[in-house]
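This report concerns only the one structure given below.
Nothing in this text is a laboratory measurement; each read-out follows from the coordinates by a stated rule. Being a predicted model, the structure only gives us computed values, none of them experimental. Glycine also receives a Cβ, built like all others from the backbone with ideal geometry; neighbour counts cover every protein chain displayed.
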Amino acid sequence: MTTLSTGLPPAAAQLDSVARLARQLRVDSIRATTAAGSGHPTSSMSAADLAAMLLTRHLRCDWSDPTRQDNDYFVLSKGHASPLLYAMYRAVGVIDEEELLSTYRRGGRLEGHPTPRLPWVPVATGSLGQGIAYAAGIALAGRALPDDPYRVWVLCGDGELAEGSVWEALDKAGLHRLDNLTVIVDVNRLGQTGPTEYGWDLDVYAARMRAFGASVLEIDGHDLAEIDEALETAKTADRPTVILARTVKGAGYPPVADSPNWHGKPLPEAMARDAISMLGGATDLRVEGPLPQDRDGEAGPESFAHHVPSPAVPLVRAPSYQVGERVATRKAYGNALLALGDQDPDVVVLDGEVGNSTGSQEFERAHPERYFQMYISEQQLVAAAVGLAARGWRPYAATFAAFLSRAHDFLRMTAIDGPAVRMAGSHCGVEIGADGPSQMGLEDLAMMRALHGSTVLYPCDATSAAKLTVAMNGLSGISYLRTTRGAYPVLYRPEEDFPIGGSKLWGEGADDVATLVGAGVTLHECLDAATELAHDGLAVRVLDLYSIKPVDAVALRACAEQTPLLITVEDHRPEGGIGEAVASALADVPCRLRHLAVRDLPGSDSTAHNLAAAGIDSRSIAAAVRESAH
C-alpha cells in the first residue's frame, strides 16, 4: 500500500502521484461496475482526474470522523457516477476492497446512486440537477449563520445543466455570495442518448454562470496542474466559483473514450481486463488529504462561531387562543413559528416570497438573521431547507400548497434517508375562493402522503395549528402542515393536546347513524351539518382527522363498528387524500363508506359558493346523510 499526502504546490513527482491515483479511481470504477454487471464506468472515468486532485490536496476532511462539523462536504450531483465516489472512499480507507466489489448488492451500503446510508453522503443524489441546489443550502448555513469554516464542493455533469433547478441554485448562491461553494462541472459532452445541449462549448456555460454572479474558471479537466490551480483559486474567491472542466467520457481507455454508446454500461469482463491492464493494473494507493484545521489563506470571515446543534429538541410553549375567536390557521402557524424562534435557537425559517400570506413574516420580523427569503423558487426553497437541516438546524419552509408540486422531486429525494424538514402549505382547496383553480392546492395531501416516512397534518383551528406546528419540531423525516386561508372559530381550549397520529371525536352517542370525518375547513362544515341533522332527529358524530398520516386507525375502526355509515369530506381531489387514507385504514373492516371531495374543476367564486359547488359544504354533507339513512 502506497500513501499519498498533501503538501506544497505540486512538483512533477507529486503530479505523478495524483495521476496514479486518478488511474486507480478509473480502474476501481471499472472493477466495481463489471463485478456488479451494472453501473456507469465511463461517466466515472471522465471525472477521475478532478476527483483525484480534489481528494489529495483540497477536500479538507477527517475521514475517521464524518460527524466533525468543520469537515468539508463533497456532493456528487451526477449521482450515476457513484462508482467514482466509492473508489474515492476506498482510496481514503473508509471502505475496503470487499465492499467496493460488492457495489449494488442487496443489503449493501453502496447503492446505484449515493444515499446517506453512507455517513459521508449528506443527501441522496441521482435525480439530476439537485446536487448543486443541496450544496447551495449547505453552503448558505456556513455563510449566513454562525457556523464552522467548511467548504462545499459539488461535482455535476454538463447534461444536468439543462435542469431549471440548477439555475435556481446558482441564482441564490450568487445572491448570497456563497464564497464557500465550488461547483465542478464535468463537461464530457455526452449524455444518455447522445451529445448534451452545448457539448464542449464552455463559453456558453460560462456566460450564463457569470450572469448569476459566479466566478467561472475554464480548464482542461485532464490537466492536473490546471485542475490544482483552479481548485486553489476557488478557495480565495469572494463569490461562488464554477469550474468548467472539459473532459472525455471514458477517458483512459480509448475503445470507449468519447463514445456515445457506453452510457450506463459496464465493461464486459474481457474489455475490463484489457482496460485495467492498459491503466496499469489494480493498485492500493491510500490518500491522506488535508484536514479541516489546515485552512490558512482561504476566503471567508476571520473567525467563526461554532454551531453545535442541540441533541434534544426543547419544549416550546405554543401560542394560546380563546374558544370562539376567529383566526386563520396560517396565522396560527406564523405565531407558532415566532414562539419556536424565541425558545429554540436552532429553528430557521424559509419562505417563497409569500410570507405575508403563509404567516412566516412574523418570524422574519423577530429573527431576521434566521429567516431566508428564497423568492419564487420552490425547488431551491426545499433544497435550502435540506441543506440547513444537514448542518443541524431545524428548518420550517412555507409557500402556497399548489406551488410545492414544483418541488416534489426534491421532497421525494429527501425522503431517502434525508434530514428532517418541516413544510407548510397554505391557500388550500376551493376554500380560497376568487383566486381560481391555479392557486388552489388540491393535490398536496396525496403528494405528501406518498412520500416515504412523511407526516401529514391538517388542523382545523388556531389551537391545533399552533400545537401541531410546535410538534413538528421534534419529528424526523418530512412533515407537512396544511393551513387554511380563511379565519374560522377556535374550537379547542389552549390545554388541549394533539398527538401525532391522533384525532378528536365530537358528539358521539349510541344512536349515531353516521360518522362524519373531516379536517381543516371541512371539519367546521361537518359540525354545522351535525347541528342541522340534529334538528331532523338524526344523530351523527364528527371525527376531526387532523393527522392524515399517520392516521388514527383505532378511532376510525371504532366509528366503523359503532355507526352504520362513515362519510369522509375533504377540500381536495378524491385521489390520495383523506377519503383514501380512511379507506386504507378500514380495508379489512366491513363498513359503508361515502366520499365527498372536489371532483369537478372549480372556478373563481366565494368560499361558500365554491364549497357548495364541490358538494363539501354543510348542506351537501347533511343531504348525503339523509340519502344514506333512508
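Observations
- Placing a pseudo-label 7 Å from each Cα along the Cα-to-Cβ vector at Asp65 and Val554 gives an inter-label distance of 4.4 nm.
- Surface/4 of the Cα convex hull for the chain, nm²: 29.2
- Cross-link reach list, lysines versus Lys78, counting only Cα pairs under 18 Å and skipping chain neighbours closer than eight places: Lys249, Lys265
- Simple point charges give the picture: +1 on the Cβ of Lys and Arg, -1 on the Cβ of Asp and Glu, and for segment 76-215 a dipole about the Cα centre of about 180 debye.
- Oblate is the label for segment 191-290, because the ratio a/c of its alpha-carbon gyration tensor axes (a ≥ b ≥ c) is 1.5 or higher and a/b is not greater than b/c.
- Annotation: extensible slack from Thr233 through Ala583 equals 120.1 nm (criterion: 0.36 nm per residue apart, minus Cα-Cα distance).
- Restricting attention to the chain, close to 15% of DSSP beta bridges with both partner residues there are antiparallel.
- Classification of segment 504-629 by its C-alpha gyration tensor yields an oblate form. The axis ratio a/c (a ≥ b ≥ c) is 1.5 or more, and b/c is at least a/b.
- Annotation: amide H-H contacts under 5 Å for Leu285 (H modelled 1.01 Å from N, sequence separation of 5 or more, or interchain): Thr2.
- For the pair Ile376 and Gln343, a Förster radius of 35 Å applied to the C-beta separation gives a FRET efficiency near 0.70, rounded to the nearest 0.05.
- Dipole magnitude of segment 504-629 about its Cα centre (Cβ charges: Lys, Arg +1; Asp, Glu -1), debye to nearest 20: 200
- Relative to the dominant Cα principal axis of the chain, helix 164-175 is inclined by about 80°.
- Length-normalised contact order of the chain in % [C-alpha pairs under 8 Å, at least 6 apart]: 12
- Helix 224-234 and the longest principal axis of the C-alpha atoms of the chain enclose an angle of approximately 40°.
- Shape category assigned to segment 326-489 from the gyration tensor of Cα positions, a/c cut at 1.5: rounded
- Dividing the summed -39500 (n - 2.57) terms of all DSSP H runs of n ≥ 4 by the residue count of the chain sets its mean residue ellipticity at 222 nm at -10500 deg cm²/dmol.
- Loop-located GluC sites (Glu not before Pro) across segment 458-560 with a Cβ neighbour count of 14 or fewer within 10 Å are Glu495, Glu496, with loop assigned by DSSP.
- Peptide packing for 124-135, 535-546 was compared via the average number of neighbouring C-beta atoms within 10 Å per residue; ordered from the highest value, the list is 124-135, 535-546.
- Ranked Ser503, Ser476, Ser604, Ser165, criterion: other C-beta atoms within 10 Å, fewest first: Ser476, Ser604, Ser503, Ser165
- Residues of segment 157-179 with amide N under 18 Å of the 7 Å Cα→Cβ point at Arg143: 166-179
- The dipole here belongs to the chain: it is taken about the Cα centre, uses +1 on the Cβ of Lys and Arg and -1 on the Cβ of Asp and Glu, and is about 540 debye.
- Here the Karplus relation 6.51 cos²θ - 1.76 cosθ + 1.60, evaluated at θ = phi - 60°, turns the backbone of segment 44-54 into coupling constants of 6, 5, 5, 9, 5, 5, 4, 5, 5, 5, 4 Hz, with x for every Gly and Pro.
- Packing, taken as the mean count of other beta carbons within 10 Å per residue, orders the peptides 313-320, 85-92 from highest to lowest as 85-92, 313-320.
- Label-point gap, in nm, between Glu369 and Gln562 - each point 7 angstrom along Cα→Cβ: 5.2
- Scanning residues 5 or more positions from Val216 or on other chains, those with amide H under 5 Å from its amide H are Val242, with H placed 1.01 Å from N in the peptide plane.
- Distant-in-sequence amide H partners of Phe400 (H built 1.01 Å from N, under 5 Å): Ser426
- Folded to 0 to 90 degrees: helix 202-211 orientation relative to the chain principal axis, Cα: 50
- For Ser320 and His535, the difference between the fully extended length at 0.36 nm per residue and the C-alpha to C-alpha distance is 74.1 nm.
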